[in-house]
């Protein structure tokens, strides 16, 4: 059957559009949000392994079909009053609330720092502290993640000394894809088994030699187990970007990560094939010995 459009690596056909048109017609009072939820219930690939619906993905799919005039969605409600939250800039979105943090200099050795404790803080009261540290101390600032993601704070006693943000991996990443050696079908089926380290912060007032590589090693050992707790599936591989104009990736190298290559600087939504952003080094780390075998299976 003819493909109407391609969305997140999947071909949407006229049969899919007919199903959605019938769903809309059968529920004339449903908002776009409710239709997205209903679609998640109907299509298995719009549900996470832990059963939670991928409503943002479903909303994007419906909007793409609507814009291509394959379906007609009901009018968006309260657009004039509230605007489209998906179209707002990061600066316009609600910023994290300030949280009091002890930012006095912490200059010591790794041994003298004492025991370090990792806490997964997403959906906990400590998430506010995580968000504020990221917004106030990380050079790239705070962004609200979508999709599968975890947030970790690391404490030395009562003081936070680092944080890690992990999320779903980007779909297309040349150096990573070549390193693994998988096909498009492999990537579409198994991308969920890769975790992307979107942020890693040791606050500037924490000055402890070798702390960063030590934390990376401990973090990646516990990551598959923590991911499975939240999403009912593990991860087998970790990846991240490093801006070579600002950093050399020393802590990643010291923690046995592999430099897989460099991005093309195109961005995920590029259609021009011309560089439109800075180049980034792409680092990766196998989290289990047979990672490639698992990522190449369907």
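The values are calculated or read from the model by the stated rules, or taken from the named source; none is laboratory data. Remember, predicted model here, so these are calculated numbers, not experimental data. Here the Cβ is made from the backbone with ideal geometry for all residues, glycine too, and neighbour counts use every protein chain on show.
Scanning the range 52-95 for residues that are farther than 28 Å from residue 39 by Cβ and modelled with pLDDT of 90 or more turns up nothing. With respect to the conditions (1) surrounded by 13 or more Cβ atoms within 10 Å (Cβ to Cβ); (2) under 28 Å from the mean Cα position of the chain (by Cα); (3) more than 22 Å from residue 184 (Cβ to Cβ), residue 23 falls short on a single one, namely (2). When 285, 279, 215, 296 are checked against the criterion of being more than 30 Å from residue 156 (Cα to Cα) and within 21 Å of the chain's Cα centre (by Cα), 279 stands alone in meeting it. State whether the residues of the range 132-144 include one that is free of Cβ contacts under 8 Å to residues at least 40 places away in the same chain and closer than 20 Å to residue 236 by Cβ. No.
Kindly evaluate residue 48 against the criterion of being in contact with a helix residue (DSSP H, G or I) (Cβ under 8 Å, 6 or more places away or on another chain) and surrounded by fewer than 13 Cβ atoms within 10 Å (Cβ to Cβ). No. Looking at (1) in contact with a strand residue (DSSP E or B) (Cβ under 9 Å, 6 or more places away or on another chain); (2) within 25 Å of residue 50 (Cα to Cα), which is the only condition residue 155 fails? Against the list (1) in contact with a strand residue (DSSP E or B) (Cβ under 9 Å, 6 or more places away or on another chain); (2) within 25 Å of residue 50 (Cα to Cα), residue 155 comes up short only on (2).
Note on the range 228-250: residues that are touching a residue at least 40 places away in the same chain (Cβ under 8 Å), in contact with a helix residue (DSSP H, G or I) (Cβ under 9 Å, 6 or more places away or on another chain) and assigned to a helix (DSSP H, G or I) total 1. Checked against the criterion of being part of a loop (DSSP other than H, G, I, E, B) and exposed (fewer than 12 other Cβ atoms within 10 Å of the Cβ), the range 186-205 has at least one qualifying residue. Of the listed requirements (1) exposed (fewer than 10 other Cβ atoms within 10 Å of the Cβ); (2) more than 18 Å from residue 217 (Cβ to Cβ); (3) modelled with pLDDT of 95 or more, residue 121 misses just one: (1).
Filtered by the rule that a residue be touching a helix residue (DSSP H, G or I) at 6+ places or on another chain (Cβ under 9 Å) and buried (at least 18 other Cβ atoms within 10 Å of the Cβ), the range 124-144 gives a lone residue, 142. Residues that are without any contact (Cβ under 8 Å) to a residue 24 or more places away in the chain and in contact with a helix residue (DSSP H, G or I) (Cβ under 7 Å, 6 or more places away or on another chain) within the range 175-227 comprise just one, 177.
Filtering the range 159-167 for residues that are under 30 Å from residue 11 (Cα atoms), at pLDDT 95 or above, loosely packed, with under 11 Cβ neighbours inside 10 Å and in contact with a helix residue (DSSP H, G or I) (Cβ under 9 Å, 6 or more places away or on another chain) leaves an empty set. Scanning the range 145-158 for residues that are under 20 Å from residue 238 (Cα atoms) and either surrounded by fewer than 16 Cβ atoms within 10 Å (Cβ to Cβ) or over 16 Å from the mean Cα position of the chain (by Cα) (or both) turns up 146, 147, 153, 154.
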